[in-house]
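Please read the structure below before turning to the comments.
Throughout, read-outs are computed from the coordinates displayed, never taken from laboratory work. Small disclaimer: the values here were computed from a predicted structure and weren't measured. In this analysis, Cβ positions are derived from the backbone assuming ideal geometry, glycine residues included, and neighbour counts consider all displayed protein chains.
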Amino acid sequence: MNKRTYAGIPEKYGRLDDAQVVLIPVPYDGTSTWQKGADKGPEAFLDASENMERYDIETRSEPYRKGIYLAPPITENSTPEKMVEAVYKITKNYIKQDKFVTLFGGEHSISIGSIRAFNDSFKDLTVLHIDAHADLRESYDGSKCNHACAVYEASQNTKLIQVGIRSMDITEVDNMVEDQTYFANKMVQDDDWIDDSISQMTENVFITFDLDAFDPSIMSSTGTPEPGGLLWYETLYYLKQVFKQKNVVGFDIVELCPNSQEKSSDFLAAKLYYKMLAYKFKYANSKNSDDDE
């Protein structure tokens, strides 16, 4: 039997030795506090990806031809701390192999490990955190590796830019850098938020994308949906500008909580991942270009 490949791509594009991209599934949902099911997210994402057209119209490209290796899933789930350590070690190992490493969760706590690995591997790292929630608690429910703490460590050890935030606890205020935080209610009134946020980033950027950043009208299958979120084309425009102007070194996508009655969210997640790869390869060598094709 042939090994499963990302999006059903031909096996020659899915071999680790030749692939430029590594995709690590992390089916973990150990600390979520409302709706469970994010551990089923990677499988739903992969299933949707297998039913997706692989030509990207906007960039006129087929990103899969760069090679995408579907890594074995990280299944450590005995404790949040051990899961984070496993994500850290495995992610760092693939980075050392000079791969463009991407992850698909699982809940947002997986990002503690992925951010730690990228911060170890790239100087002066900016973490671009796109999310409805601040995720800045130092500890929650007895653990520093809870999903509510997803970017606390990043706030201490990297340059953290937060976009789309519209839900937080008062205890997180002191951990937030407000002039590097773009609240959803203010973004709709501010035409400059895209340029302003990108100007604050260092050259190397890691993106952690929580799918509840999107408005529930287009992304309902997530553990904690919040009204007033991002829409599809504005999000793609923003991501495109980040990939054009900065060196995106990797990314993760988290918090798909699939619903068997609602498949469009799975497909949105699949398209988002593929679009981010399309932008990476389109703009990797043409930062600051005016070419929008």
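Residue count for region 20-47 under the criterion of being surrounded by 22 or more Cβ atoms within 10 Å (Cβ to Cβ) and touching a Lys or Arg at 6+ places or on another chain (Cβ under 7 Å): the result is 3.
Identify all residues within region 48-60 that are loosely packed, with under 13 Cβ neighbours inside 10 Å and either within 19 Å of the chain's Cα centre (by Cα) or in contact (Cβ under 8 Å) with a residue 40 or more places away in the chain (or both); write none if there are none. Answer for region 48-60, where residues must be loosely packed, with under 13 Cβ neighbours inside 10 Å and either within 19 Å of the chain's Cα centre (by Cα) or in contact (Cβ under 8 Å) with a residue 40 or more places away in the chain (or both): Asn51, Arg60. On the stretch given as region 168-184, residues that are in contact with a strand residue (DSSP E or B) (Cβ under 6 Å, 6 or more places away or on another chain) and either closer than 19 Å to Asp124 by Cα or part of a strand (DSSP E or B) (or both) total 4. Residue count for region 36-71 satisfying the condition of being under 16 Å from Thr102 (Cβ atoms) and polar (S, T, N, Q): 1. In the set (1) within 18 Å of Pro258 (Cβ to Cβ); (2) of a type in the set (A, V, I, L, M, F, W, C); (3) not in a loop (DSSP other than H, G, I, E, B), the condition left unmet by Val22 is number (1).
The residues in region 219-247 that are in contact with a Ser or Thr (Cβ under 6 Å, 6 or more places away or on another chain) and either assigned to a helix (DSSP H, G or I) or among the charged types (D, E, K, R) (or both) can be counted, and the count is 1.
Residue count for region 149-167, restricted to those that are part of a helix (DSSP H, G or I) and surrounded by fewer than 19 Cβ atoms within 10 Å (Cβ to Cβ): 2.
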